[in-house]
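Taking it in order: structure first as C-alpha cells, then the write-up.
The values are calculated or read from the model by the stated rules, or taken from the named source; none is laboratory data. Keep in mind the model is a prediction, meaning the values are calculated, not measured. Neighbour counts run over all protein chains shown; Cβ positions are idealised from the backbone, glycine included.
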Amino acid sequence: MRFILRQREIVADEWTYLGEVLAADAPLIVSLAELRAEPRWRARPGRLGVRIPPTARVEELLEELPRLELIAVEFPSPGDGRGYSQGRLLRERCRFRGELRAVGAGVKQDQVFLLSRCGFDAIELAPGEDLEAARRALSRYSVAYQPGAAGVALAAQRFPTT
Amino acid sequence: MYRYDQLDQAFVEERVAEFRDQTRRHLAGELPEEEFRPLRLRNGLYLQRHAPMLRIAIPYGLLSSAQLRKLADIARRYDRGFGHFTTRQNLQLNWPTLADVPDILAELATVQMHAIQTSGNCVRNVTADHLAGIAPDEVDDPRPYCEIVRQWATLHPEFTYLPRKFKIAISGSPEDRAATEVHDIGLHLRRDATGTVGFAVRVGGGLGRAPVIGSLIREWLPLAELLGYLEAILRVYNREGRRDNIHKARIKVLVRSLGAERFREAVEAEWLAGRAHVPRLTPAEVERMRAFFRPQPYEALADLDVTAGREARFAAWYRYNTRPHRMSGYRAVFVSLKAHGTNPGDATSAQMEAIAALAERVSFGLVRVTHSQNLLLADVAQRELHALWHELERHGLAMPNIGTLTDLIACPGLDFCSLANAGTLGVARDIQRRFDDLDYLYDLGNIEIKMSGCMNACGHHHVGHIGILGVDKHGEEWYQISLGGSANGFTALAEVIGPSVPRHEVAATIARLVEVYRRLRTEEERFIDTVRRVGLGPFREAAYALHPQAA
C-alpha cells in the first residue's frame, strides 16, 4: 500500500499505475505516451489519470482534461523546476480541478511547500522519504510574497493577483 | 532605505529555521550532500577551496550603519575579521564553518538581512546604480523597483529551480552604471512625454563563457505590468531553457537559439495569456515602496570651493574619490577598498565599523556597495569633506585612485575559489606595485581593469577596458588579455589581443599597453577612446614585442 499526502493529510493511495496489480475498474494512471497511443484507456470504465513528463506542453492536454481526474507531474530531480510551471498552468490556464500530484525522484520534503503553492494538492514522495516530515514541511512558511494556490493558508501575502 | 514589516521579518526567521533544520539533517547524515547542495546554495553557502564561503545579500548594495556593524561583528566572530565586497554588491565571508552558518543567518535576520538566493539556479540579488537617488542625470530612483523585484523573486513558488542562475539589474540613469546590458534581464527606467515611468526591457545579456549583450525586447513596459512581464520571461525560460548542459543553460542561449524576435513573441504571448494570474503591482504598493527611498532631509547649502588652500593630496582625493550630487553643497564620497597592498574589495571588521560610524556622522547612517567593489557615502555635506578625508586616511580607506588603473575589479581567484585557475589577487598586487606612482596613474586617467580567475567571469573581464582572464596551461597560471570592453552606457565586449602571458609578465604587459595609449592619445582621449579609434593593432604589437616567451 502506498501512502501519499493529499490535502495536507497522509492517506492511502487508491490510484494504481499501469503495470501495478490492477482491479478491473480501479483508478488508473497511465503515461501520456500510453494515453495517446491507446484509445482503450479513455474508453475503460473507472477513473483515469495521466502521468506527464517535464517536457509535456500542458496546453496540449486541454482536449483530454474532461476525461482526466488526476494529473501526475513528474519531477525527475529536485533541481528540475519545469513541473512547477506545468502545475500552475494546469490550474490557472487549463482550469484543471482534479487531483494534481507531484511524483518522482525529485519530490522531497524540501520541495513540498513550493509545490503546494503551485497548485499541487497531492504529493507522492520519492521512495524512502519521510511522509510525516513532509506533512509538517507544508507549514514551514506562514507568509509569502507572491500569490499562490488557495489551498495554502498564509498569515500574510504581499502582491495580490489582478 | 527599505524597512522590514512583519511579513518580511517572519519570512527571514522562518527561512533561518528551515535552513537550521536542513543543516541539522545534513550533519546527521539524513540529507546527502547532493541533495543538501541546492538548498545550501540558495542560502548563499558554497563549499570552497579552504572552507565554506557564505555570500550575504546586500540588496541593490544599500546598507545601514547598524547592518554594516553587524557584518563587521559576524566577520570578526565567525570568520577572520574581514569580508570581501563583490561586483554584485554582496559580501562574501571566506572562513565560516558549516555548523555556524544557521547562527550567522539568525544574526543577519536581527538586522533585516539574509543570504537568500545569493547562489543557486534562481533569481539572484537585484542590483542597481550605486548613485541611485542622487545622480544628477537620473530619470527615476531604481531602488523601489529593485525592492519590489527582490520581494517578488524571494522564494518564488514557480521560479526557485530554474535551469541556471538568473541576474536582474535596474538602472535609472541614461549612463548605465549597473551594467544592465550584461544581465539576464536589464531594466532601464524611462519617462514618457507625460512624465509616466516605465521600463525598457533587455533580456539575455551575460558574461561567463560566451559573453553577449542583451536584446531589447520591449521599448516600453508600464510600471504596473512589471511583475507580470517578469513572470512571462521567467516562465518561458523555465519551460524552454536547456537543462541538459550547464554551459548552455543561461537564458542568453535560449534567446540566441530562438532568435530575439521569436523569444520576444513567446514572452508577449505568455504575458497576454497569463495576465489574470500574475502578481499585481498596485499604485498603493508602489507608493509604499517609494516612500522608503525619499530624498534625505538635506540642508539648503551652497557649493563650496572645497579644495581651496588645502593639501594637494586632499585635492587629489576630492577629484578622484568624490562625485557630484544632485543637491548643491553635497558630494557622494567613495570609500576606496583599493589601497595598494590590499585585496580589491576587502574590508576588515575595524574598517567596516569605522565606516559605519562615519556614515552615521556625515551621511544619514547609510552606506552603499558599488559594482566596482568600493563603498560609497552618498550624501556628504561638502563642509564635512576635509575631516572625513582625514578619518578615511586614518583607516586606509582614502586611496585616491577611484576610476584609475589600480581601482581594478578582481574576483577572489585561486586564493579562495574552487573554480579559479589563477591567483588574481597576486596579479592585482603586481599591478598595484607596478603602478604605485599616483602622478603616473593620474596621467593615464580613467582605465578600468577587470580580472577574472576563470571563464565564469565573476570579475567581468569581458567588459573591462583592459580585461584579464586567468587560464590554466598544464598546471601553470597564464593570463589572457583583452582590450576595448565597456559596461558603462556604451556596452562593448573586449577583444583578446593575442596569446596569453605568464603570471610574471601581466603587469609588464599592461605597462606596455598603457604606454601605447600615452603615445597615441589625443588631448581629450581616455584610454578606451584611443583603443576604439586606433584598433587593437598598435597595442598588440607592443604587448608582445618584448617577451618571446608568450605562447
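Observations on the model:
- Condition met for B:L469 (farther than 17 Å from B:I409 by Cα and at pLDDT 95 or above): no
- Residue in the range A:140-157 that is within 22 Å of B:R15 (Cβ to Cβ), more than 8 Å from chain B (Cβ to nearest Cβ), among the basic types (K, R) and surrounded by fewer than 19 Cβ atoms within 10 Å (Cβ to Cβ) present: no
- B:E270 being under 28 Å from the mean Cα position of the chain (by Cα) and part of a helix (DSSP H, G or I): no
- Here B:A316 meets the list (1) hydrophobic (A, V, I, L, M, F, W, C); (2) surrounded by 14 or more Cβ atoms within 10 Å (Cβ to Cβ); (3) modelled with pLDDT under 95 almost entirely, failing just condition (3).
- Filter result (crowded, with 24+ Cβ neighbours inside 10 Å and among the acidic types (D, E)) within the range B:421-470: B:E448
- Scanning the range B:25-52 for residues that are within 12 Å of chain A (Cβ to nearest Cβ), in a helix (DSSP H, G or I) and of a type in the set (D, E, K, R) yields B:R25, B:E34, B:E35, B:R37, B:R40.
- Complete set of residues in the range A:68-107 that are surrounded by fewer than 24 Cβ atoms within 10 Å (Cβ to Cβ), in contact with a Leu (Cβ under 7 Å, 6 or more places away or on another chain) and of a type outside the set (A, V, I, L, M, F, W, C): A:E69, A:R91, A:G98, A:E99
- Identity of the residue in the range B:111-159, assigned by TED's automatic domain parsing to the domain that holds B:E225 and of a type in the set (S, T, Y), that ends up surrounded by the most Cβ atoms within 10 Å (Cβ to Cβ): B:Y145
- Look at the range B:62-73: where a residue is over 17 Å from B:T370 (Cα atoms) and a partner is among the small types (G, A, S), sitting 6+ places away or on another chain with Cβ atoms under 6 Å, you get B:R69/B:A356; B:A72/B:S349.
- Those residues of the range B:216-228 which are surrounded by 20 or more Cβ atoms within 10 Å (Cβ to Cβ) and in contact with an Asp or Glu (Cβ under 9 Å, 6 or more places away or on another chain), in sequence order: B:I217
- Residues satisfying the stated conditions in the range A:85-126, i.e. in contact with a strand residue (DSSP E or B) (Cβ under 9 Å, 6 or more places away or on another chain) and of a type in the set (S, T, Y): A:S116
- The residues of the range B:1-34 that are among the charged types (D, E, K, R) and in contact with a Lys or Arg (Cβ under 7 Å, 6 or more places away or on another chain), listed by number, are B:E14, B:E18.
- Candidate set from the range A:115-139 (those that are away from chain B (no Cβ under 12 Å) and acidic (D, E)); member that is surrounded by the fewest Cβ atoms within 10 Å (Cβ to Cβ): A:E132
- The one condition in (1) part of a helix (DSSP H, G or I); (2) farther than 30 Å from B:I468 by Cα; (3) in contact (Cβ under 8 Å) with a residue 40 or more places away in the chain; (4) more than 24 Å from the chain's Cα centre (by Cα) that B:L281 fails to fulfil: (1)
- Among residues that are in a helix (DSSP H, G or I), within 19 Å of B:V367 (Cα to Cα) and touching a helix residue (DSSP H, G or I) at 6+ places or on another chain (Cβ under 6 Å), B:A66 is not included.
- For the range B:54-61, the criterion of being buried (at least 22 other Cβ atoms within 10 Å of the Cβ), under 20 Å from B:A291 (Cβ atoms), basic (K, R) and outside the structural domain of B:V362 (by TED's automatic domain parsing) is met by none of the residues.
- Filtering the range B:141-185 to residues that are assigned to a strand (DSSP E or B) and over 25 Å from A:F75 (Cβ atoms) leaves B:I168, B:A169, B:I170, B:S171, B:I185.
- If the condition is being within 12 Å of chain A (Cβ to nearest Cβ) and of a type in the set (K, R), then the range B:232-251 contributes B:R235, B:R239, B:R242, B:R243.
- All conditions in (1) over 25 Å from B:G133 (Cα atoms); (2) of a type in the set (K, R); (3) in a loop (DSSP other than H, G, I, E, B) hold for B:R3, with the sole exception of (1).
- Among the residues of the range B:234-254, none qualifies, meaning not one is of a type in the set (S, T, N, Q), part of a helix (DSSP H, G or I) and more than 16 Å from A:R57 (Cβ to Cβ).
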